[in-house]
Amino acid sequence: MLKALVIDLLARAKGKRYTSYDVVGTGPRLVTGLINQLGEKADLVTYEDLSSDPSILENYDVILLSAMSSDRGALKNVIRLVDIYGSGQPKIIGGPIGFEFYDILEHIGGDIVVVGEGENQLIKLFTEYKKYVIQQDLDKLTEIAGLAIKINKKIVFTGYPEYIRKDLLDKIRPYTQVNKVYKRTWMYRFYVEVVRGCSNFYRPLVNIGYRRNCIKCMNCRSSNLINKLWCPKHIPPGCGFCSVPFHFGPPRSRSIKSIVNEIKDLIRYGARRIVLSAPDFLDYGREDLVKPYPLTDPCNPKPNYDALKNLLSRLHEIPEIYSGEVKIFVENVKACLVDKRVSSILGEYLHGTTIHIGLETVSRKYNETVIGKPVGLKEALQAIKILRENGLRPYIYLIYGLPFMNYKIYKRTIKALKELYNNGVEKITLYKFVPLPMTAFEYFKPEIGRYTDIIRKLKRMVNRYNLLAKKKYFLDRTIRAYIIKENDKLYGYPVNHGPVVFVRETVLDVKEGDVCLARIEITDVKARYVFGNVISIEKCMYH
Ligand code: SF4
């Protein structure tokens, strides 16, 4: 039996987490589970555990590394460790960083990069091509679509793979024994994939150069869902900055049964916070409403209310979720799909939790024409208001430095912050535009220079409203959080998600490695985090 080691590098940046300390992404668990299902032996390890004991590397025949674009530094570190402590086994790299295969193989290292959805490639690598993987006969692997391979110093890309079928998604059982890998299990938010792919097949209707200027054929705006797949100028689908529709295709939802089974298992192994992960949670089951066509319109038809209700109600039949011991959250929603009916379903099952809406800029015209996203301030405000009325806590994403953004858009975005805050936004996350491969904007650089002053003002104002929101929703209130000790300092991760709490006083000595569920009184707030004192401890998970 082949022995594989899967290393979780997600969000490790250059080797340390700077944000999202409590997030465990789906990819490494999925790869580990799939290899085990294929009858081989796969173990999962975190970047931190591997770094503290790299000698384990010699026990494996294949090393798999799962990383995002921002994790180049951590990837480099691990490849160096494998080269020193490993036994010359092949290194297979995957995850969102896989789209940068040329750069990885040329400048970072590794032997094989899995590009796009990885299931089909992994199934082949660990079944009919297994002997070539072990023998490192890389030439033979060029028969598999969706790989980039370094052969004799040359990089061979075998072409983009087909999107995987919905029934295969349901058959895969991601690894769930999370208490063995993520030791302070209670504190983490475990992501569980419920929808693969995105429904936005609009594209930017602008001149993006490189022979990809839009000719306004309006295919991508057509009501014909098949036509939307095809752009005569080969402009990648979706928002101009995002590669999800290109790489993952239109939405495919996992069955309720497979989601429920995975979550039950995660709970059995100690998970306490679970995020139902999807580019848009409200796409769940929506593809069934347009069958047999692909779901390529972000806003029409409306959500599949029955599918959403069925999924959430089935999850609430799990005793630990029903009792509140385990919390579930959703990740992102599109404002144009939020209405009263769907908000009331979300409110019934997800009361008190956060929900993210991508607004990017407040200009509907810019968003729709330049970004390719048919949502503006009006839709966002309406969504925020209804979600807040139903007990959810809306977070908003904005971006600066996007192509063709101008002063007017920055000014309007700054002006709208107050309205967003007044309507109930709890947090505004402002990102810098980063060009990604296979997006419409891949060849643009962030436009910062001439807008430096107004971007600075935007950042300042976002901080101001984030601070006001922390005062409004957290100061002098008591929340429940999982607290941990690290480097002699105590940190709290809110049960219902929210800002990290820097704990100043506690009633109990929490040891490093322990996690305790505590009630914390918030005594001070900053724009990005809060301070508090522990007033009681409900229970602890000892290391
Ligand atoms: S982006 Fe492509 S599909 Fe859409 S209107 Fe322009 S040329 Fe046509």
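Within the bounds of the range 53-65, is there any residue that is touching a residue at least 60 places away in the same chain (Cβ under 8 Å), over 30 Å from Arg254 (Cα atoms) and touching a strand residue (DSSP E or B) at 6+ places or on another chain (Cβ under 7 Å)?
Checking the range 53-65: at least one residue is touching a residue at least 60 places away in the same chain (Cβ under 8 Å), over 30 Å from Arg254 (Cα atoms) and touching a strand residue (DSSP E or B) at 6+ places or on another chain (Cβ under 7 Å).
Out of Lys216, Lys166, Lys154, Lys171, I need the residue that is within 30 Å of Ile108 (Cβ to Cβ) and of a type in the set (D, E, K, R). Which one?
Lys154
Conditions (1) more than 20 Å from the chain's Cα centre (by Cα); (2) within 16 Å of the ligand (Cβ to nearest atom); (3) at positive phi; (4) buried (at least 20 other Cβ atoms within 10 Å of the Cβ), marked per residue:
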position	(1), (2), (3), (4)
Lys373	no, yes, no, yes
Glu419	yes, no, no, no
Met438	no, yes, yes, no
Ile448	yes, no, no, no
Arg456	yes, no, no, no
Arg464	yes, no, no, no
Leu468	yes, no, no, no
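Filter the range 147-167 down to the residues that are surrounded by 14 or more Cβ atoms within 10 Å (Cβ to Cβ), at pLDDT below 95 and not in a strand (DSSP E or B) and list them by number.
Tyr160, Pro161, Tyr163, Ile164, Lys166
Quick one: which of Gly73, Gly25, Gly86, Gly98 is under 19 Å from Phe126 (Cβ atoms) and out of contact with any helix residue (DSSP H, G or I) (no Cβ under 7 Å at 6 or more places or on another chain)?
Testing whether each residue is under 19 Å from Phe126 (Cβ atoms) and out of contact with any helix residue (DSSP H, G or I) (no Cβ under 7 Å at 6 or more places or on another chain) leaves just Gly98.
Determine whether the range 181-204 contains at least one residue that is within 16 Å of the ligand (Cβ to nearest atom), farther than 25 Å from Pro28 by Cα, surrounded by fewer than 24 Cβ atoms within 10 Å (Cβ to Cβ) and not hydrophobic (A, V, I, L, M, F, W, C).
There is no residue in the range 181-204 that is within 16 Å of the ligand (Cβ to nearest atom), farther than 25 Å from Pro28 by Cα, surrounded by fewer than 24 Cβ atoms within 10 Å (Cβ to Cβ) and not hydrophobic (A, V, I, L, M, F, W, C).
For every residue, the table says whether it meets (1) buried (at least 18 other Cβ atoms within 10 Å of the Cβ); (2) out of contact with any Lys or Arg (no Cβ under 7 Å at 6 or more places or on another chain); (3) not acidic (Asp, Glu).
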{"position": "Lys16", "(1), (2), (3)": "no, yes, yes"}
{"position": "Gly25", "(1), (2), (3)": "yes, yes, yes"}
{"position": "Asp53", "(1), (2), (3)": "no, yes, no"}
{"position": "Tyr102", "(1), (2), (3)": "no, yes, yes"}
{"position": "Gly110", "(1), (2), (3)": "yes, no, yes"}
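In the list Leu467, Leu436, which residue meets the criterion of being over 16 Å from Val362 (Cα atoms) and modelled with pLDDT of 95 or more?
Leu467
Checking Cys336 against (1) farther than 25 Å from Leu467 by Cα; (2) out of contact with any Cys (no Cβ under 8 Å at 6 or more places or on another chain); (3) in a helix (DSSP H, G or I); (4) hydrophobic (A, V, I, L, M, F, W, C): exactly one of these is not met. Which one?
(2)
Does the range 261-281 contain any residue that is in contact with a helix residue (DSSP H, G or I) (Cβ under 8 Å, 6 or more places away or on another chain), within 13 Å of the ligand (Cβ to nearest atom) and over 21 Å from Val342 (Cβ atoms)?
Within the range 261-281, none of the residues are in contact with a helix residue (DSSP H, G or I) (Cβ under 8 Å, 6 or more places away or on another chain), within 13 Å of the ligand (Cβ to nearest atom) and over 21 Å from Val342 (Cβ atoms).
What's the number of the only condition in (1) out of contact with any strand residue (DSSP E or B) (no Cβ under 6 Å at 6 or more places or on another chain); (2) at pLDDT 95 or above; (3) away from the ligand (no atom under 12 Å from the Cβ) that Phe246 fails to meet?
(2)
Since Gly240 meets every condition but one in (1) of a type in the set (Gly, Ala, Ser); (2) more than 16 Å from the ligand (Cβ to nearest atom); (3) assigned to a loop (DSSP other than H, G, I, E, B), which condition does it not meet?
(2)
Give me the residue from the range 354-371 that is under 21 Å from the mean Cα position of the chain (by Cα) and surrounded by 21 or more Cβ atoms within 10 Å (Cβ to Cβ) and, out of that set, farthest from Pro394 (Cα to Cα).
So the residue we want is Ile371.
In the range 511-539, how many are within 17 Å of Thr185 (Cα to Cα) and buried (at least 16 other Cβ atoms within 10 Å of the Cβ)?
5
Within the range 382-406, can you find the residues that are without any contact (Cβ under 8 Å) to a residue 60 or more places away in the chain and surrounded by fewer than 22 Cβ atoms within 10 Å (Cβ to Cβ)?
Gln382, Lys385, Arg388, Glu389, Asn390, Gly391, Tyr395, Tyr397, Gly401, Asn406
Every residue in the range 210-225 that is part of a loop (DSSP other than H, G, I, E, B), in contact (Cβ under 8 Å) with a residue 12 or more places away in the chain and within 6 Å of the ligand (Cβ to nearest atom), please.
Cys214, Ile215, Cys217
The values are calculated or read from the model by the stated rules, or taken from the named source; none is laboratory data. Keep in mind the model is a prediction, meaning the values are calculated, not measured. Here Cβ is always computed from backbone atoms with ideal geometry, including for glycine, and neighbour counts include all displayed protein chains.
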